[in-house]
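Student: Below is a structure I'd like to ask you about.
The values are calculated or read from the model by the stated rules, or taken from the named source; none is laboratory data. Quick caveat: nothing in here was measured; it's all calculated off a predicted structure. Note that each Cβ is placed from the backbone with ideal geometry, even for glycine, and that neighbours are counted across all protein chains shown. Heads up: the accessible areas ignore ligands, DNA and RNA and are worked out on the full protein's heavy atoms, side chains in. Shrake-Rupley method; radii C 1.70, N 1.55, O 1.52, S 1.80 Å.
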Amino acid sequence: MVITEPNQIELYRLLTLRAGLRLELRGLKISKGRSCYAIIKQELGFKGNKAQVLEQFEEFLGTIK
């Protein structure tokens, strides 16, 4: 698979953030930098704990697929 279009790259990035947030809910940390939770909250303005943000994020992803 080759992803070359900017919208494809952004969708892949969002899906990676979702996977990272799911791992963070299980107690794992992906990087030493900012968490996926923090990135999602800042960029999309979601409020709540990790589970609530994941639910909101999945609803958001459902609207753009």
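Student: Which length gain, in nm to one decimal place, applies between LYS50 and ASN7 when the Cα-Cα distance is subtracted from 0.36 nm times their residue separation? Walk me through the numbers on the way to the answer.
Tutor: Working: separation 43, 0.36 × 43 = 15.48 nm, distance 2.58 nm.
Full-extension gain reported as 12.9 nm.
Student: With a cut-off of 8 Å between alpha carbons and a minimum separation of six or more residues, what is the relative contact order of the stretch 1-56 in percent? Kindly include the intermediate steps, with their values, before the conclusion.
Tutor: Numbers: 30 pairs, mean separation 15.2, N = 56.
The value is 27 percent.
Student: Okay, next question. Give the carbon-plus-sulfur fraction of the accessible surface of the chain in %, rounded to a whole number; probe 1.4 Å, heavy atoms of protein chains only. Don't jump to the answer; show the numbers that get you there.
Tutor: Working: 2680 of 4820 Å².
About 56 percent, which is the carbon plus sulfur part of the accessible surface.
Student: A further question on this structure: Checking understanding here: applying a Kyte-Doolittle mean of at least 1.6 and a length along the axis of at least 15 Å (C-alpha), which whole DSSP H helices in the chain pass? Could you put the intermediate results ahead of the total?
Tutor: Numbers: long enough: 6-25 (29 Å, 0.07); 50-64 (21 Å, 0.08).
Membrane-span-like by this rule: not one helix.
Student: A further question follows. Let me have the 222 nm mean residue ellipticity of the chain computed from DSSP H runs of 4+ only, each contributing -39500 (n - 2.57), with the sum over all residues rounded to the nearest 500. Display every interim value, and only then the final one.
Tutor: Numbers: 3 runs with 44 residues, N = 65.
Taken over the chain, the calculation gives -22000 deg cm²/dmol.
Student: Once both labels are modelled 7 Å past Cα along the beta-carbon direction, what's the LEU25-THR63 spacing in nm?
Tutor: For LEU25 paired with THR63, the spin-label model returns 2.0 nm.
Student: For the chain, what is the largest minus smallest coordinate of the Cα atoms on each principal axis, given in angstrom and ordered from greatest to least?
Tutor: Extents along the principal axes, in whole Å: 32, 26, 18.
Student: Right, next: Counting only pairs 8 or more places apart or on different chains, how many lysine pairs in the stretch 19-65 have C-alpha atoms closer than 22 Å? Could you put the intermediate results ahead of the total?
Tutor: Details: LYS29/LYS41; LYS29/LYS47; LYS29/LYS50; LYS32/LYS41; LYS32/LYS50; LYS41/LYS50; LYS41/LYS65.
Qualifying lysine pairs in the stretch 19-65: 7.
Student: Around VAL53, what is the net charge, scoring Lys/Arg as +1 and Asp/Glu as -1 over all other residues with Cβ under 9 Å from its Cβ?
Tutor: On the way: positive: LYS41, LYS47, LYS50; negative: GLU55.
Its environment carries a net charge of +2.
Student: Which residue fluctuates the most in the chain, going by a Gaussian network model with Cα springs under 10 Å, if the choices are LEU44, LEU15, LEU54?
Tutor: Its mean-square fluctuation being the largest, the pick is LEU44.
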